[in-house]
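Participant: Here's a structure for you.
The values are calculated or read from the model by the stated rules, or taken from the named source; none is laboratory data. Note that this is a predicted model, so its numbers are computed, not measured. Glycine also receives a Cβ, built like all others from the backbone with ideal geometry; neighbour counts cover every protein chain displayed. Remember, those area values only see protein heavy atoms, side chains included, never the ligands or the DNA or RNA. Shrake-Rupley method; radii C 1.70, N 1.55, O 1.52, S 1.80 Å.
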Amino acid sequence: MRTNDTSKHTLRLLKSLFNGEMDIADFRFEISKLSKTMVKNLFRDSFPRFNQNLRDKLTNVFVRFCYNDKNIQTNEFWKFTNYKDFWIELMNFHDNIYFRKMSLSEVVQFFEKSLLTNTRKLKLGFVEKKVIEKLDRNPNVLNKDLAEELEISEKRISNIIGSLKSRGIYLGGFVDYSQLDAFEFFGFAEIEDSTNDLKFIDKIELFPDFKLYHGLSCQELKHPYIYQVTNKKVFCNTKVLNRGLSFQDWTTVNDSKAIEENFVRESNMDEFYVPTSSKNHVLQLMKNCEKDFRRPNIKKIADENNVSIRTLFRIKSKLKDMGFIQPQIFVENEELMSLVIISSRELNEFYNKVPFVKSYEVQNIETDKKWFSFVSIFASDFTFIYSKLKNSSEIFQIVGRKSVNLVSQSNQKIYTK
């Protein structure tokens, strides 16, 4: 094999090690046939952001461990080599956490926290992580294309997506109900519906003992305990989710990455006419897309509302094209801690530092503006987050959720151009 091809092959092996595709034992076997000097140099060059001292120490650990070179003395990082995630965390730390002013003790502390305690990793396999990342980058990708990219069967892709959904990681939809003159709201008390205006209600059980109601209405609700949604944002951070990045790790990073917000196009109701008396199944379809963007329960909606399946598919396509629904990864995983944080300001520092955030700007009739943030975090971050926000926000843990479908049947039809 030529030198250039050998270098490319070695870099592929290193990449496989760093992203978790290859176990360290298999890696050691593969490089045993290659030039030790070349492998050592390519490993060292994989970490350009590290200062020289840190690179030297880690390279020494790598060479001693992978080549059993007893002539190299152990150092602070040797104790981490028995952890199979060490090499993955090493690249994770280099790419996302490290900055030049970090002391050596702070670097060691990171690995102690991420490896020795190991309290913030989800049990996700390599292929599962890849599927999550690819769906996040392109939610419209077909299972067939995913299978080709990952070189596995389409059936396995379907099984992985189904398994992830059962664990609360799924492709839902970011939905703008306001474009159909529906009012999304939160309430601190149960709401009586004497006019059949309420369409959906989620009863959210919180700890300490508290209840929050989330729903849709076709009329504005004038009540001091009802907060109407005026703006909302959804963020899923697959890198944080897959790699177990702690919120506390990010507090030392000065340069936050740019946040790509959800985009909603301006409404053009001339292109999409929805009679007031016929909103039920469109709202029901949008609500279903929020829970399962690819497979909303269209047959059930059609049967309940006397609407053709073809019409519903056409409506869904129109809603998507106009930007009223957008595919988005949602996370409601039980291995994560789910919180509701009620604050007077937007918690935008959470948007790219925790696995998942749904953030709602709300307002009641007394013009009292608040932000309701539904946040999924690693349990090990709770104490730190609570200490930072307890004096300025109300923080509750979500312990249960019950959905009530209040949509009444209608024989009216929706017409789309």
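Participant: Tell me which of these ASP321 doesn't satisfy, since it passes every other one: (1) open to solvent by 10 Å² or more (accessible area, probe 1.4 Å); (2) closer than 26 Å to VAL141 by Cβ; (3) touching a residue at least 12 places away in the same chain (Cβ under 8 Å).
Facilitator: (3)
Participant: Right, next: When only residues in the stretch 83-128 that are among the acidic types (Asp, Glu) and under 16 Å from MET22 (Cα atoms) count, which is farthest from the chain's Cα centre (by Cα)?
Facilitator: So, considering only residues that are among the acidic types (Asp, Glu) and under 16 Å from MET22 (Cα atoms), the one farthest from the chain's Cα centre (by Cα) is ASP85.
Participant: Taking the stretch 187-219 as the search range and keeping residues that are touching a residue at least 12 places away in the same chain (Cβ under 8 Å) and among the polar types (S, T, N, Q), which one is surrounded by the most Cβ atoms within 10 Å (Cβ to Cβ)?
Facilitator: So, considering only residues that are touching a residue at least 12 places away in the same chain (Cβ under 8 Å) and among the polar types (S, T, N, Q), the one surrounded by the most Cβ atoms within 10 Å (Cβ to Cβ) is SER217.
Participant: Answer with yes or no whether SER343 is hydroxyl-bearing (Ser, Thr, Tyr) and in contact with a strand residue (DSSP E or B) (Cβ under 6 Å, 6 or more places away or on another chain).
Facilitator: Against the criterion (hydroxyl-bearing (Ser, Thr, Tyr) and in contact with a strand residue (DSSP E or B) (Cβ under 6 Å, 6 or more places away or on another chain)), SER343 qualifies.
Participant: Please list, ordered by first then second residue, the pairs with beta carbon atoms under 7 Å, 6 or more apart or interchain, first in the stretch 346-361 and touching a residue at least 40 places away in the same chain (Cβ under 8 Å), second open to solvent by 30 Å² or more (accessible area, probe 1.4 Å) and aliphatic (A, V, I, L, M).
Facilitator: Correct list of pairs: TYR351/ILE259; ASN352/ILE259.
Participant: Return the total of residues in the stretch 352-380 being over 21 Å from LEU212 (Cα atoms) and surrounded by 21 or more Cβ atoms within 10 Å (Cβ to Cβ).
Facilitator: Counting residues in the stretch 352-380 that are over 21 Å from LEU212 (Cα atoms) and surrounded by 21 or more Cβ atoms within 10 Å (Cβ to Cβ) gives 4.
Participant: Follow-up. How many residues are crowded, with 21+ Cβ neighbours inside 10 Å and in contact (Cβ under 8 Å) with a residue 60 or more places away in the chain if we restrict to the stretch 296-314?
Facilitator: The number of residues fulfilling the criteria is 2.
Yes/no matrix, rows are residues, columns are (1) at pLDDT below 90; (2) touching a strand residue (DSSP E or B) at 6+ places or on another chain (Cβ under 9 Å); (3) within 18 Å of MET286 (Cβ to Cβ):
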| site | (1), (2), (3) |
| --- | --- |
| LEU212 | no, yes, no |
| GLY215 | no, yes, yes |
| CYS218 | yes, yes, yes |
| LEU221 | yes, yes, no |
| ILE226 | no, yes, no |
| VAL234 | no, yes, yes |
| GLN248 | yes, no, no |
| THR252 | yes, no, no |
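Participant: Looking at ASN75, ASN60, ASN138, ASN143, which one is of a type in the set (S, T, N, Q) and within 18 Å of the chain's Cα centre (by Cα)?
Facilitator: When all the criteria are applied, what remains is ASN138.
Participant: Taking into account only those residues within the stretch 139-186 that are in a helix (DSSP H, G or I), open to solvent by less than 20 Å² (accessible area, probe 1.4 Å) and free of Cβ contacts under 8 Å to residues at least 24 places away in the same chain, which is nearest to LYS287 (Cα to Cα)?
Facilitator: Residue satisfying both the conditions and the ranking: LEU146.
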